[in-house]
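All of the numbers you see were taken from the coordinates with simple rules; none came from a lab. In this text, all values refer to a predicted model and were calculated from it rather than measured experimentally. Please note: Cβ atoms are built from the backbone with ideal geometry, for glycine as well, and neighbour counts cover all protein chains shown.
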Amino acid sequence: MQKENKQQSTALNFLMKRMFKYPFKLFSIILFALLGNILILLGPKLMGDAIDMLAQDKGYISNELWKLLGILIIIYVLASFFQWLLGHISSLISANVIKDLRKEIYYHLNYLSLNFFHHTSYGDITAMMSTDIDQVNDGLINGLPQLFSGIVSLIGSIYFMFSISWKVALVIICLIPAISFVSEMISRNSFNMYRLEAEQRARLNGFSEEIITEHKLARTLQASKDVIPQYKEMNEELYTYGQKAQFYSALVNPSTRLINAISYISCGSFAAILAIRGELTVGQVGSLLFYTNQFSKPINLITEIISQVQASLASAYRIYELLQVEPTEIENKETPKFQFENGEIDFEQVYFSYIPTEPLIKNLNIKIPAKSKVAIVGPTGAGKTTLVNLLMRFYELDQGQIIVDGQSISNVTRDSIRKSFGMVLQEVWLFEGTVFENLTFANPDVPREKVIQICKDMEADSFIRRLENGYDTVINAKTSLSQGQKQLLTVARVMIQNPKMVILDEATSAIDTVTEMRVQKAFDKMMQNRTSFIIAHRLSTILDAEIILVMNEGNIVEKGNFKSLMQKDTLFKHIYNSQFKDELI
């Protein structure tokens, strides 16, 4: 119970802080809520006066009564106008808060370590940026006007009731604790259910995304018999949480309406008794009944949208938790940029672990001469990709330092060190845009002629021109490109970048052997006079490497060139012989 209350208040404070960034709009909401509701609250008082006039004049409509009715019309017209302004400004604040949240989340995600993404489902992240944001937006649009209007209406109703009869007002006030208790108890439970629903929805989204993305593999492996029951089970859990959340939130409205009906009956009966005694006029009894209804109205309105408000707070708390994840340390503006000279690299006493209790790289010491072609080989999980990720500062070292051209990469900006490398990954990434836009993503100002020439060198120009609009073809789900063609485009993109140093992480894994031989020539050209790292399982692509680093369990266990490593009984020799055993027989 205490935990849910704390989470709820945390989520509310989280949203309020962002709303206070717009003080003028927030002040406008308060002002229009005051003006609109004060005018509405004046109505019952004037109606009571009108009833007394009619009773006094025995049904005759005097000029004063006509004037009073005219004032009532003006009051309600102005009140409606201010209520419209209240809703309009609330929508503007909501739109601004949501815009800021999207920016904040996106900015924050860009500064989180890769370790966070390794342990967090992409579906969970996308759910926060879409579903949870929409839930917050709905809650703000509906909740803000009701919140401010409700406060003014409650206080104003009690004030006017006291001004007419303090005895009747006390009857209503005695019922407030009962209303508050019922609303708080039920809303707390509904908040907890909405939080669980949001978390389960994120898990279901992540699961669905994985299966849809890899649907070909799932069908190939005939995984439907396993996947469908898992999906059904997760969907059933989501249904259960959703049903419970709706059940709890649905209890609020009838419960508070029952209490409001009791208060209305109590007020009417007590006021009637006082009227019989001569303590109240008929008009005052009517006014009190109007104010009793006005007192109940904001509570009823809030309970009607309680499900949206609770869902909004549950989603806001999830976003709050994401923004509390510590980002990678933000660099000082005075941090110097990396100054490339020739590409000499030193790993000095490097220690690194993804999990503190499970060290991966221990006391790594190695010196890479400038403009060397370095191959990194080893079994899966040996730490090959981790090594180049450390070089690119995607992760921070536990101990030691990596020095490039006499500069510790920990003491220069991340952007400057990463811009010095061109990296081709095993995973292909192309965004929805033209082929030309994808190719020039890292260097948008490169001339078109140069792009075409590089694509010719890469043996990619011919298949690009066969596309519907050539280099201006938009790449999307409908574009017919093989995995190898996509990878060729990513390789060409790096070549267009013209980097000072090169990293190839299984860059030719999806290319057929004939194409690989052609691309290898382009790679050789690109790696000339550049320090280059090649991670490869196909050892045929790294036979001419000047340095071959053999890694196993996070350590470099062997170092040399192809000839020297093959002369001894080395791990490299065993790996090589296992790949080419058919040729050796």
Using a Förster distance of 56 angstrom, determine the FRET efficiency expected from the C-beta separation of VAL474 and ARG277, and round it to 0.05. 0.10
From the C-alpha gyration tensor of segment 295-446, pull out the three semi-axes of the equivalent ellipsoid (sqrt of 5λ each), sorted largest to smallest, in whole Å. 44, 22, 17
Fewest to most neighbouring Cβ within 10 Å: what's the order for VAL282, VAL428? VAL282, VAL428
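Please arrange CYS174, CYS455 by how many other C-beta atoms lie within 10 Å of their C-beta, fewest to most.
Going from sparsest to densest Cβ surroundings: CYS174, CYS455.
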Taking N as the number of residues in segment 98-157, what value does Rg over Cα atoms divided by 2.2 N^0.38 Å take? 1.64
Surpassing 20 Å at the alpha-carbon level, of the pairs LYS367/LYS500; LYS371/LYS500; LYS367/LYS521; LYS419/LYS521; LYS456/LYS478; LYS99/LYS333, are LYS367/LYS521; LYS419/LYS521; LYS456/LYS478; LYS99/LYS333
tail above 16 Å in the computed P(r) of segment 385-488, as % of all Cα-Cα pairs, reads 65 percent
Ranked by how many other beta carbons lie within 10 Å on average, peptides 94-101, 330-337 from highest: 94-101, 330-337
Calculated from the structure, P(r) over Cα pairs in 20 Å bins from 0, in percent equals which of [x] 18, 44, 28, 9, 1; [y] 15, 35, 26, 15, 8, 1, 0; [z] 16, 26, 16, 15, 14, 10, 2, 0? [y]
For GLU558, other-chain or 5+-apart residues with amide H closer than 5 Å (H placed, Pro excluded) are VAL550
Which helices pass in the chain if a helix is a full DSSP H run, must span at least 15 angstrom along its long axis by Cα, and must have mean Kyte-Doolittle hydropathy not below -1.0? 23-56, 63-110, 133-164, 166-213, 224-276, 282-304, 306-323, 483-497, 513-527
For segment 355-425, take every pair of Cα atoms, bin their distances at 5 Å starting from 0, and report each bin as a whole percent. 3, 12, 25, 28, 21, 9, 2, 0
Using only the Cα atoms of segment 444-494, what are the Rg and Dmax in Å? 10.6, 28
Sort out for me the Cα centre separation of segment 400-430 from segment 455-484, rounded to whole Å. 30 Å
Computed lengthening from TYR239 to GLU321, 0.36 nm per intervening residue step minus Cα-Cα distance: 27.1 nm
Report the rotationally averaged projected area of segment 66-109 based on its alpha-carbon convex hull, in square nanometres. 2.6 nm²
Length gained if ILE71 through TYR107 is fully extended, taking 0.36 nm per residue and subtracting the Cα-Cα distance, is 7.6 nm
Could you rank the peptides 378-385, 232-239 by their average count of other C-beta atoms within 10 Å per residue, with the highest value first? 378-385, 232-239
Considering only C-alpha atoms, what is the centroid distance from segment 343-384 to segment 532-583, in Å? 15 Å
Among MET566, ALA460, LEU35, whose Cα lies farthest out toward the positive end of the dipole of the chain, if unit charges sit on the beta carbon of Lys, Arg (+1) and Asp, Glu (-1)? LEU35
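Within segment 436-505, report the GluC sites (Glu not before Pro) that DSSP leaves as loop and that have at most 15 other Cβ atoms within 10 Å.
Passing both the DSSP loop test and the Cβ count: GLU468.
Which of HIS88, HIS574, HIS537 comes first, and how do the rest follow, when ranked by fewest Cβ neighbours within 10 Å? Numbers along the way, then the final one.
On the way: HIS88 13, HIS574 10, HIS537 16.
In increasing order of surrounding Cβ atoms, one gets HIS574, HIS88, HIS537.
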Under 10 Å from the Cβ of LEU425, count the other residues' Cβ atoms, weight Lys and Arg +1, Asp and Glu -1, and hand me the total. -3
